[in-house]
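A short worksheet on the structure shown next.
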Protein chains: 2
Amino acid sequence: MAVATDSRSLLEQVKSTRLAARWLAKMSTEAKNQALELVAQALEQNAEQILTANQADLAAAKEAQIAQPLIDRLKLSPAKLADMIAGVRDVAKLSDPVGQQQIHRELDQGLVLRRVSCPLGVVGIIFESRPDAVTQITALALKSGNGLILKGGSEAVRSCTALVQVIQQALVTSAIAPDIVQLLTTRNEIKEILTMDQQIDLIIPRGSNQFVRYIQGNTKIPVLGHADGICHLFVDASAEIEKTIAIAIDAKAGYPAACNAIETLLVHKDIAVAFLPQMVAAFKQAGVEVRGCNRTIDCVPNMGLIKATDADWDTEYSDLIISVRIVDSLLGAIDHINQYGSHHTEAIATTDPGNAQTFMSDVDAAGVYHNCSTRFADGFRYGFGAEVGISTAKMPPRGPVGLEGLITYKYQLVGDGHVVATYAGDRAKPFTHKDL
Amino acid sequence: MAVATDSRSLLEQVKSTRLAARWLAKMSTEAKNQALELVAQALEQNAEQILTANQADLAAAKEAQIAQPLIDRLKLSPAKLADMIAGVRDVAKLSDPVGQQQIHRELDQGLVLRRVSCPLGVVGIIFESRPDAVTQITALALKSGNGLILKGGSEAVRSCTALVQVIQQALVTSAIAPDIVQLLTTRNEIKEILTMDQQIDLIIPRGSNQFVRYIQGNTKIPVLGHADGICHLFVDASAEIEKTIAIAIDAKAGYPAACNAIETLLVHKDIAVAFLPQMVAAFKQAGVEVRGCNRTIDCVPNMGLIKATDADWDTEYSDLIISVRIVDSLLGAIDHINQYGSHHTEAIATTDPGNAQTFMSDVDAAGVYHNCSTRFADGFRYGFGAEVGISTAKMPPRGPVGLEGLITYKYQLVGDGHVVATYAGDRAKPFTHKDL
């Protein structure tokens, strides 16, 4: 088992995870769910050990004068640990994503094609300081049949180590080899695993924009995730003002560090005079700094707005700051979003169904919303049980990604000596192509 | 319209394709199928012009002493053009991949999530000397609602230009803007489009390994395709010898330049003495050069085998050459394939169902075959109508990719002022998560 004291090379460790994953890929749903239940029980039985390790992390974080929000994310309580354990059991209840038959087709008599879902293999997940990510991600990886290389934030190293040790010990008594999950504890190891494109099938980085971009730029392994989250709310001429203000406050001030928070409010010129004074007042009350374009400042001249520069449209504040721009039309809003947005989640407030439809078709994003907050962009809120990350890529999987992001498929073709020559040339036999 | 004489900059051309694609994305199935029919009719009416351009390409190719197989691929005949036109009409018959509702779920009363398939946007396809690719790819792109930037082999420039001109002229009378498809005619333009990651959503390179690797290494745009096609056939101890020889000959000698042809034959030691003399004789008769490991040469000492080196296991010959290696076990074969294979298509010949199952689970490839030729790995043979390429990536889409590779999805969420705050905190309202 590989926690901190592992004497094997990192490559040997990862290879052992790959081998364990090859067995896990063939395991029954029951065996996987049993292993998850063993993990849940072990976490219950070793709660004290885990909370003690977390106390040590917290003490060190305080001594290092780490910022309070980070300490809040780091902190485990008996109640939070109970939630984490419930989360493991919730994943056991999700339907098994492996072995699902997506295509079953006779190509010709005795020649049968199946497309069957299967695990990716080994997934590397690099996450921030939340120790609760360990149990959630481990549960998702085991359920989807994947090996897992974990790297948590250094502030959480004692908590993560305690959690992974408990998980590995629980797996000793299960059908799954404990090597299926391994924890990396040093930053150097990240660099090393980025080179292991023969051993690791997917990297999911969760962290700052800069960190995600570093990962994307320094590996041949596919990366699932998003660097930026520049989301917009467009207030159309026909928007309902009261509801729209509530949406804007939720989307900006509810949790400004979230990637699905809005950074820019676009306002149709025909509603600006009626809408903006109330909106800006609501932002001020919520402690949000407002940066406006010239027309916005002209519209609410006495409310102390800061002048927005071009750089503002490109900025993910991740803070209680919003930029506001007046646009002439729906198309102007769409063009702004397609130019400056990060293809994450974009919303329109309107009572005009035609405009809503145009917005949702023409805006180039994983999520397009009508009359609701961008902050619904989340795997749990979508009903996926849990999420491994949010992707802003154009190719699927995109948006909030649950178990689906840990799964691929294989084509299996079974014949009885069938050769292609039979189906080629002047006397080519036709395929039957009959779905079964 | 943009064939050779376009005076706009390349970026302006690509932007006009992107704009045309935004309209196409919203078009009805009927409008798209009508446009495809107009294209088919125009190709019929302008057959002479197209064949004359092709004659000029052929004359230039002969003068340049270009290899015969390339000239064969370049050549259009009235019959081949008729097949191409039939292919356009076949794509019109395929079901529309756009607008399919994949998820329809109530998150709470009045808050409804849909996941709907949609086009990627603009796709760049760089293909070899076959002019027939122009009509097939254009039909797939129009049907899937995507703009298309085409670049064909320079030998085919006159043929491709004639085809694209006819297609664009046909589109003038359709609902689709002719700028939806543009042809690049110089190699320099490839370099330029690789930088347009804001305008182009996917690149599909079809060509040599070296060329595909160059594309993969020089763009931020996602690349669909495969560099290598190192496929294997493993002859298990219980394989039926006669059928297996037929499969091996089909998979190696049928079309050795194909990516789904086999490069290495792995033979279980317990069948080597009975199998190899007949197999090698059949290879010799088919004109295939055989390179054997030491044990293979010992097994058939008087048949003039060349000694295989380690480099052979890594080589895609794309020619009438095969390497043969004797392995001790099924697991030995799987390990060889997972080490040297390119995750394309791998086959086992066996009468042991358990061994077949282990092989199909443990081999890491887009296609895993039992008792049939690897050359079935092809979109048409799978019943996809046509293919845009074959992907050896781990993430979907993989294997032969049809219309599915030109499609992504969007999450659309519609509410009535819904905010996340309602569903958070101590008095959190639960989500209903009810599939509709």
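The values are calculated or read from the model by the stated rules, or taken from the named source; none is laboratory data. All of these numbers come straight from a predicted model, not from anything done at the bench. With ideal geometry, Cβ positions are generated from the backbone for all residues, glycine too; neighbour counts draw on all protein chains shown. Ligands, DNA and RNA are stripped out before the accessible areas are found, and what is left, the full protein with its side chains, is counted by its heavy atoms. Shrake-Rupley method; radii C 1.70, N 1.55, O 1.52, S 1.80 Å.
Listing for the model above:
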quantity: Threshold 50 Å², the range A:249-288 residues less accessible with all protein chains present than alone (1.4 Å probe); calculated: A:ASP250
quantity: Per residue accessible area in Å² of the range A:231-381, where ligands, DNA and RNA are left out and the probe is 1.4 Å; calculated: 35
quantity: Whole-number percent relative contact order across the range A:231-381, with pairs defined as alpha carbons under 8 Å at least 6 apart; calculated: 32
quantity: Listed residue (A:ASN338, A:ILE204, A:SER318) projecting farthest to the positive dipole end of chain A, Cβ model; calculated: A:ILE204
quantity: Value of relative contact order over chain A, rounded to a whole percent, pairs C-alpha under 8 Å and six or more apart; calculated: 18
quantity: Shape category assigned to the range A:231-381 from the gyration tensor of Cα positions, a/c cut at 1.5; calculated: rounded
quantity: Pair A:LEU19, A:ALA47: separation of 7 Å Cα→Cβ label points (nm); calculated: 3.8
quantity: Only Lys, Arg (+1) and Asp, Glu (-1) charged, at Cβ; the range B:145-245 dipole about Cα centre in debye; calculated: 340
quantity: Number of partner chain Cβ atoms within 10 Å, mean per residue of B:418-427; calculated: 6
quantity: Principal axis dimensions, largest first and in whole angstrom, of the protein assembly as shown by Cα; calculated: 92, 70, 43
quantity: Chain pair B, A: total accessible area buried, heavy atoms, 1.4 Å probe, Å²; calculated: 6100
quantity: Relative contact order (%) - criterion: Cα under 8 Å, at least six apart; region: the range A:54-135; calculated: 29
quantity: GNM top mover of A:SER144, A:SER154, A:SER361 - chain A, alpha-carbon springs below 10 Å; calculated: A:SER361
quantity: Carbon + sulfur, % of accessible area of the range A:283-398 - ligands and nucleic acids excluded, 1.4 Å; calculated: 48
quantity: Under 17 Å from the A:ALA86 label point (7 Å along Cα→beta-carbon), backbone N, the range B:406-436; calculated: B:423-433
quantity: Calculated FRET value between B:SER318 and A:ALA281, using beta carbons and R₀ = 56 Å, to 0.05; calculated: 0.20
quantity: Cross-link partners of A:LYS220 among lysines (Cα-Cα below 17 Å; sequence separation of 8 or more within a chain); calculated: A:LYS191, B:LYS220, B:LYS394
quantity: The range B:71-90 and the range B:214-260: distance between their alpha carbon centers, rounded to Å; calculated: 26
quantity: Among B:ARG114, B:ARG325, B:ARG89, residue whose mean-square fluctuation peaks in a GNM of chain B (springs only between Cα atoms under 10 Å); calculated: B:ARG114
quantity: Estimated FRET transfer efficiency when R0 is 56 angstrom, pair A:ASP298-B:GLN169 (beta carbons, to 0.05); calculated: 0.65
quantity: B:ALA274 paired with B:ASP197, simple spin-label distance in nm, labels 7 Å along Cα-to-beta-carbon; calculated: 5.6
quantity: Positive-pole candidate from B:LEU76, B:TRP23, B:GLN45, dipole of the range B:1-114, charges at beta carbon; calculated: B:TRP23
quantity: Nearest 10 degrees, 0 to 90: helix B:330-340 Cα axis against chain B principal axis; calculated: 50
quantity: Cα centroid separation - the range A:146-196 against the range B:96-112, whole Å; calculated: 37
quantity: Test item: Cα-centred dipole of chain B, Lys/Arg +1 and Asp/Glu -1 on Cβ, debye; calculated: 1020
quantity: Rounded tilt (10° steps) of B:29-45 against the dominant C-alpha axis of chain B; calculated: 70
quantity: Extended-chain gain in nm, criterion 0.36 nm per residue less alpha-carbon gap, A:THR351 and A:ALA257; calculated: 30.9 nm
quantity: Partner chain coverage, peptide A:363-375 - average Cβ within 10 angstrom; calculated: 6
quantity: For the protein assembly as shown, size of Cβ-based charge dipole, Lys and Arg +1, Asp and Glu -1, in debye; calculated: 20
quantity: Cβ-Cβ FRET estimate between B:GLN210 and B:ILE241, R0 fixed at 45 Å, reported to 0.05; calculated: 0.75
quantity: Helix-only mean residue ellipticity at 222 nm for chain A, each DSSP H run of n ≥ 4 adding -39500 (n - 2.57), per residue, nearest 500; calculated: -13000 deg cm²/dmol
